[in-house]
Amino acid sequence: MSYLIKSAQYILEGGAVTLKLFFITLAFSLPLGFVCAMAKTSRIRAVRIVMELYTSIVRGTPLLLQIFFVYYGLPILLPGLRLERFSAAALTFVLNYGAYFTEIFRGGIQSIDRGQYEASRVLGMSYVQTMTRIVLPQTIKRVLPPVANEAITLVKDTALVVVLGIGDILRNSKEIVSRDFTIVPFVIAAGVYLLMNYGVVLFFKKLEQRYSVYE
């Protein structure tokens, strides 16, 4: 029993790193995705092209490759730049998930019937009022399921930072497995990931219930 407790404690220390990366990624990638989605629906062709390149490159290449590029490649392209391992991982995850959220938000915004925009203009509402009072509440409701799916994927993707030697859940459990030749730490790690994803699911279910008024 003491072995299990000690193993769980060490793995949970890695869980703190995993949660930190998870929340930092969501905190910055969601706003980034929204801003880029608005830019991608812009009437300025050059802006749309830049956004298209960004989302195409990020979504078309493996996240693991992007981690390597940011940590090992950027210092080569920009001599003198040296990112800490966690900073490099966080930057990569924000840019990666920002691209996916861009497409999710873009689809949500464009799914709103054009008649609602016209009706708001008839009522004398400004563009900002139209977006904040009519478009965005409906958009948030529609994008919650895909955003929830991305959040669940994010929890699992955080395990990729093991390639940089960051002490997350997976690395800490792997160290115990290598030392003691037992799969118990992997079972504990799996349980931790499942609990985290269960919390994500509950959170987004609450949000969906809150925004169900816009159905």
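The values are calculated or read from the model by the stated rules, or taken from the named source; none is laboratory data. Since we're looking at a predicted model, the values are computed, not measured. With ideal geometry, Cβ positions are generated from the backbone for all residues, glycine too; neighbour counts draw on all protein chains shown.
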statement: Flagged pairs (Cβ under 9 angstrom, 6 or more apart or on separate chains; first in the range 83-110, more than 17 Å from Ala27 (Cα to Cα) and assigned to a helix (DSSP H, G or I); second of a type in the set (Phe, Trp, Tyr) and modelled with pLDDT of 95 or more) are Arg85/Tyr71
field: Some residue of the range 161-174 being part of a helix (DSSP H, G or I), surrounded by fewer than 15 Cβ atoms within 10 Å (Cβ to Cβ), more than 19 Å from the chain's Cα centre (by Cα) and not aliphatic (A, V, I, L, M)
entry: no
task: Please go through the range 162-174 and pick out each residue that is in contact (Cβ under 8 Å) with a residue 40 or more places away in the chain and either among the β-branched types (Val, Ile, Thr) or closer than 22 Å to Glu84 by Cα (or both).
output: Val163, Leu164, Gly165, Ile166, Gly167, Asp168, Ile169, Leu170, Arg171, Asn172
- prompt: Is there any pair linking a residue in the range 66-79 that is under 26 Å from Thr158 (Cβ atoms) and at pLDDT 90 or above to one that is assigned to a helix (DSSP H, G or I) and among the basic types (Lys, Arg), with Cβ under 8 Å and at least six apart or on different chains, and which?
  reply: Tyr71/Arg85
- request: State whether the residues of the range 2-23 include one that is of a type outside the set (Phe, Trp, Tyr) and closer than 23 Å to Ile140 by Cα.
  value: no
message: Checking Thr61 against (1) in a helix (DSSP H, G or I); (2) within 19 Å of Ala88 (Cα to Cα), only one condition comes out false. Which one?
response: (1)
- line: Exactly one of Leu21, Leu30, Leu53, Leu26 is at pLDDT 95 or above and closer than 22 Å to Ser173 by Cα, and that one is Leu21
task: Output the number of residues of the range 118-146 satisfying the condition of being within 21 Å of Pro31 (Cα to Cα) and either free of Cβ contacts under 8 Å to residues at least 60 places away in the same chain or of a type outside the set (A, V, I, L, M) (or both).
output: 18
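Conditions (1) touching a residue at least 24 places away in the same chain (Cβ under 8 Å); (2) part of a helix (DSSP H, G or I); (3) more than 21 Å from the chain's Cα centre (by Cα), marked per residue:
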{"site": "Ser178", "(1), (2), (3)": "no, yes, yes"}
{"site": "Thr182", "(1), (2), (3)": "no, no, yes"}
{"site": "Phe186", "(1), (2), (3)": "no, yes, yes"}
{"site": "Ala190", "(1), (2), (3)": "no, yes, no"}
{"site": "Tyr193", "(1), (2), (3)": "yes, yes, no"}
{"site": "Met196", "(1), (2), (3)": "yes, yes, no"}
{"site": "Gly199", "(1), (2), (3)": "no, yes, no"}
{"site": "Phe204", "(1), (2), (3)": "yes, yes, no"}
{"site": "Glu208", "(1), (2), (3)": "yes, yes, no"}
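Condition first: at negative phi, in contact with a Cys (Cβ under 7 Å, 6 or more places away or on another chain) and surrounded by 12 or more Cβ atoms within 10 Å (Cβ to Cβ). Can you find one or more residues in the range 24-43 that meet it?
No, because not a single residue in the range 24-43 is at negative phi, in contact with a Cys (Cβ under 7 Å, 6 or more places away or on another chain) and surrounded by 12 or more Cβ atoms within 10 Å (Cβ to Cβ).
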task: Please indicate, with yes or no, whether at least one residue in the range 178-191 is charged (D, E, K, R) and modelled with pLDDT under 95.
output: yes
task: Working carefully through the options Thr55, Thr61, find the one that is within 22 Å of the chain's Cα centre (by Cα), hydroxyl-bearing (Ser, Thr, Tyr) and crowded, with 18+ Cβ neighbours inside 10 Å.
output: Thr55
